[in-house]
Amino acid sequence: MSKSIQAVRGMNDLLPDVVDRWRAVEEAAREVLLAYGYREIRLPIVEKSELFARSIGSLTDIVEKEMYSFEDRSGDNLTLRPEGTAGCVRAGIENGFLHNQIQRLWYAGPMFRHERPQKGRYRQFHQIGVEAFGIESPDVDAELILMCARLWRTLGLEGLALQINSLGTLAARNEYRRELLRYLETKRSQLDEDSLRRLDKNPLRILDSKNPDMQGVIAEAPSLMDHLDDDSRRHFERLRDYLTQAGVSFVVNPRLVRGLDYYTRTVFEWTTDRLGAQAAVCAGGRYDGLVEQLGGRPAPAAGFALGMERLVELLAQQGDAHGVCPQAYLVLLGEAAEKQGMALAERMRDAGVRIESNCGGGGLKAQLKRADRSGARFALILGDEEVKIGSVAVKDLRQAEHQTSVTQAAVADYLKQKI
């Protein structure tokens, strides 16, 4: 017998119990985003590879080592999207809805990076992305952060901390890059392999190293805050004022940088200490130059992406069920009950009761086991006697209550009072 085929490493099945929790996050996010006036956009999973080289940066780890790229039958070089912002900007330019307009958009779906799989980091992972175009002032930066805070409250998530920083303008960051390089060259013998590789290509990413042996070098590095231009400094001060007035706690982390080259001014991360090395649950910032960089007319922009796998794992750790089980399970004993049961189940659903009807026969004991495994609160038992008198027996599977008999006409209302 041949060996069974396994899923691709780092690309995981989402089984029904897990999907229930995912759906809870997606539905909560959709309601929060609607409350702030954000509209959904749906984007292709495959884009031209050039899009990501131009947006993310050709010298980043993502473009150099992690993208799933291939040549199609027409000879085009294509890539499974490693992130969503570039595709959203491309869509805005191509469809003409960014220039001199304010757009608040969101999208959801899978992203792909060929990383080393570990808990909270997979080769196919899922994000909800949020983008705001056409607003240069820091009030929209604050709005994005407040939206995240509201979602955490809606989901009942605990232990999330906000870090913020400003990267300034591209010109200010280039000046800082030169000073940082001079400093790091004096510490070359203390740099790890990753930092040495980044030294000439993307030295700011060294500040984001999680290697404990690098923290001393990073702590003594010059601060980007000392090189901010005046406009970026004022922008960042106003953002902090907005967050303080709104009661959102934050920490200014001058070492916070993002792994994508297009960020300017505000960057932020929501982090947790409950997921091991994968601390960032949600991250984003401002990318005012990206629209022009990708061929559109200049337009300010800001956004964030939240990681579904990490959010769902946090919910699971907190023990939040967020499951969607049937409210009742219909046990059918005998041919007459099976014939009548299907119509009864349909009437229950019409009345708003989630009910799973037994299929495939079986005795009372076997069907009650199925009812219990379904997660339903109640078992409704329909046998020959119940068929004759137009009733159904109601058994509470979760609480020690006596079984009772209810007319079929009244059983939906009875259950809705109990649930």
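Within the stretch 344-354, is there a residue that is under 25 Å from Pro16 (Cα atoms), at pLDDT below 95, hydrophobic (A, V, I, L, M, F, W, C) and part of a helix (DSSP H, G or I)?
Yes, some residue in the stretch 344-354 is under 25 Å from Pro16 (Cα atoms), at pLDDT below 95, hydrophobic (A, V, I, L, M, F, W, C) and part of a helix (DSSP H, G or I).
What number goes with the only condition from (1) surrounded by 15 or more Cβ atoms within 10 Å (Cβ to Cβ); (2) touching a helix residue (DSSP H, G or I) at 6+ places or on another chain (Cβ under 7 Å); (3) in contact (Cβ under 8 Å) with a residue 40 or more places away in the chain that Arg240 does not pass?
Arg240 satisfies every listed condition except (2).
Filter the stretch 272-309 down to residues that are basic (Lys, Arg) and surrounded by fewer than 22 Cβ atoms within 10 Å (Cβ to Cβ) and give me whichever is modelled with the highest pLDDT.
By that ranking, first place goes to Arg297.
Yes/no per residue for (1) surrounded by fewer than 19 Cβ atoms within 10 Å (Cβ to Cβ); (2) of a type outside the set (Gly, Ala, Ser); (3) touching a helix residue (DSSP H, G or I) at 6+ places or on another chain (Cβ under 8 Å):
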position: Glu175; (1), (2), (3): yes, yes, yes
position: Pro212; (1), (2), (3): yes, yes, no
position: Val217; (1), (2), (3): no, yes, yes
position: Leu224; (1), (2), (3): no, yes, yes
position: Asp229; (1), (2), (3): yes, yes, yes
position: Thr244; (1), (2), (3): yes, yes, no
position: Gly247; (1), (2), (3): yes, no, no
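Within the stretch 390-407, is there a residue that is closer than 21 Å to Pro16 by Cβ and within 36 Å of the chain's Cα centre (by Cα)?
Yes: the stretch 390-407 contains one or more residues that are closer than 21 Å to Pro16 by Cβ and within 36 Å of the chain's Cα centre (by Cα).
Being within 17 Å of the chain's Cα centre (by Cα) and assigned to a helix (DSSP H, G or I) is true for just one of Glu313, Glu269, Glu292, Glu338. Which residue is that?
Being within 17 Å of the chain's Cα centre (by Cα) and assigned to a helix (DSSP H, G or I) holds for just one of Glu313, Glu269, Glu292, Glu338, which is Glu313.
Going through Gly75, Gly84, Gly96, Gly159 one at a time, which residue ends up being touching a Gly at 6+ places or on another chain (Cβ under 6 Å) and of a type outside the set (A, V, I, L, M, F, W, C)?
Result: Gly84 is the single residue among Gly75, Gly84, Gly96, Gly159 that is touching a Gly at 6+ places or on another chain (Cβ under 6 Å) and of a type outside the set (A, V, I, L, M, F, W, C).
Got at least one residue in the stretch 61-80 being in a helix (DSSP H, G or I), in contact (Cβ under 8 Å) with a residue 24 or more places away in the chain and under 17 Å from Leu294 (Cβ atoms)?
yes
Considering only residues of the stretch 243-271 that are in contact with a Lys or Arg (Cβ under 8 Å, 6 or more places away or on another chain) and not hydrophobic (A, V, I, L, M, F, W, C), which is modelled with the highest pLDDT?
Thr266
Name every residue in the stretch 271-286 that is closer than 26 Å to Asp139 by Cα and touching a helix residue (DSSP H, G or I) at 6+ places or on another chain (Cβ under 7 Å), in order of residue number.
Thr272, Val281, Cys282, Gly284, Arg286
Quick check, is Lys395 exposed (fewer than 13 other Cβ atoms within 10 Å of the Cβ) and not aliphatic (A, V, I, L, M)?
Here the answer is no, as Lys395 does not meet what is asked.
Got a sec? Which of Leu98, Leu105 is closer than 22 Å to Gln293 by Cα and either assigned to a strand (DSSP E or B) or outside the structural domain of Leu311 (by TED's automatic domain parsing) (or both)? Spell out the reasoning first.
Values: Leu98 fails: either assigned to a strand (DSSP E or B) or outside the structural domain of Leu311 (by TED's automatic domain parsing) (or both).
So the residue among Leu98, Leu105 that is closer than 22 Å to Gln293 by Cα and either assigned to a strand (DSSP E or B) or outside the structural domain of Leu311 (by TED's automatic domain parsing) (or both) is Leu105.
Going residue by residue through the stretch 35-44, is there one that turns out to be part of a helix (DSSP H, G or I), at pLDDT below 95 and farther than 22 Å from Arg310 by Cβ?
We begin by selecting, within the stretch 35-44, every residue part of a helix (DSSP H, G or I); these are 35.
Checking the rest, the ones that are also at pLDDT below 95 come to 35.
Those still in the list that are farther than 22 Å from Arg310 by Cβ too: 35.
Yes, the stretch 35-44 contains a residue that is part of a helix (DSSP H, G or I), at pLDDT below 95 and farther than 22 Å from Arg310 by Cβ.
Among the numbered conditions (1) more than 15 Å from Ala305 (Cβ to Cβ); (2) surrounded by fewer than 19 Cβ atoms within 10 Å (Cβ to Cβ), tell me where Leu98 comes up short.
Result: Leu98 fails condition (2) only.
Take the stretch 233-261 and flag every residue that is among the aliphatic types (A, V, I, L, M), out of contact with any strand residue (DSSP E or B) (no Cβ under 8 Å at 6 or more places or on another chain) and under 23 Å from Asn174 (Cβ atoms).
Scanning the stretch 233-261 gives a single hit, Leu260.
Might you let me know whether the stretch 128-137 holds any residue that is of a type in the set (A, V, I, L, M, F, W, C), farther than 25 Å from Glu27 by Cβ and either part of a loop (DSSP other than H, G, I, E, B) or in the same structural domain as Ala302 (by TED's automatic domain parsing) (or both)?
yes
Would you tally the residues in the stretch 1-58 being of a type in the set (Gly, Ala, Ser), under 21 Å from Val140 (Cβ atoms) and either surrounded by 15 or more Cβ atoms within 10 Å (Cβ to Cβ) or without any contact (Cβ under 8 Å) to a residue 60 or more places away in the chain (or both)? Break it down into steps so the answer makes sense when it comes.
Restricting attention to the stretch 1-58, the residues satisfying the condition of being of a type in the set (Gly, Ala, Ser) are 2, 4, 7, 10, 24, 28-29, 35, 37, 49, 53, 55, 57-58.
Adding the requirement that they be under 21 Å from Val140 (Cβ atoms) leaves 29, 35, 37, 55.
Pick out the ones that are also either surrounded by 15 or more Cβ atoms within 10 Å (Cβ to Cβ) or without any contact (Cβ under 8 Å) to a residue 60 or more places away in the chain (or both) and you get 29, 55.
Qualifying residue count for the region: 2.
The values are calculated or read from the model by the stated rules, or taken from the named source; none is laboratory data. Here the structure is a predicted model, which means the values were calculated and not measured. Positions of Cβ are generated from backbone atoms using ideal geometry, with glycine treated the same way; all protein chains shown enter the neighbour counts.
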